[in-house]
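Down below is the structure, laid out as structure tokens.
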Amino acid sequence: MERRLYQRIPIQVSAIVTTEEGVRIKVVAVDVSSKGLGVECHTKQRNMITPGGSFVHDGKPVSVEVDLNLPDDGLSSNIVIRCNVVFSRRMSSEQCKIGLRYTNIEKDDYERLVQFIEKARVS
């Protein structure tokens, strides 16, 4: 049973995470909901996004920008989302998962995201 208020939809799409310092890191988005998403990456990439896995910096959540490449009826659609890191978890010795919560997303991008999620639920 899904205990979450906002159900996650499993996906496998490319995404670019841009840190506050402007470093761009290619990751894979592995799940998405109307409130956040999960990405997987190599430990070295995780350390660039959340140094040592710490997702709080100066008492505030680490903030990143995510350029998410959603497939939409055979075409790809980029959505740019500002997010806070809410967790960082090591999945194996070399792989990590980072949980992100949306903090700023344009209305049109949010509507495309919700449409993508609704289509995925029906499939």
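Among residues that are surrounded by 14 or more Cβ atoms within 10 Å (Cβ to Cβ) and either under 22 Å from Pro10 (Cβ atoms) or in contact with a helix residue (DSSP H, G or I) (Cβ under 7 Å, 6 or more places away or on another chain) (or both), Ser77 is included. Scanning the range 80-115 for residues that are out of contact with any helix residue (DSSP H, G or I) (no Cβ under 7 Å at 6 or more places or on another chain), hydroxyl-bearing (Ser, Thr, Tyr) and surrounded by 12 or more Cβ atoms within 10 Å (Cβ to Cβ) gives Tyr102, Thr103, Tyr110. Which residue pairs have Cβ atoms under 6 Å apart, sit 6 or more places apart or on different chains, and have a first residue in the range 106-123 that is within 14 Å of Ile11 (Cα to Cα) and a second that is of a type outside the set (Gly, Ala, Ser) and surrounded by 12 or more Cβ atoms within 10 Å (Cβ to Cβ)? The qualifying pairs are Leu113/Ile79; Phe116/Leu70; Ile117/Ile9; Ala120/Ile9. Summed over the range 31-79, the residues that are in contact (Cβ under 8 Å) with a residue 24 or more places away in the chain, small (Gly, Ala, Ser), out of contact with any Gly (no Cβ under 9 Å at 6 or more places or on another chain) and assigned to a strand (DSSP E or B) give a count of 2. Scanning the range 20-48 for residues that are closer than 22 Å to Ile9 by Cβ and β-branched (Val, Ile, Thr) turns up Val27, Val28, Val30, Val32, Val39.
Quick note: the coordinates plus some simple rules give every number you see, no bench work behind them. These numbers come from a predicted model, not from an experiment. So basically every Cβ, Gly included, is an ideal-geometry build from the backbone, and we count neighbours across all protein chains shown.
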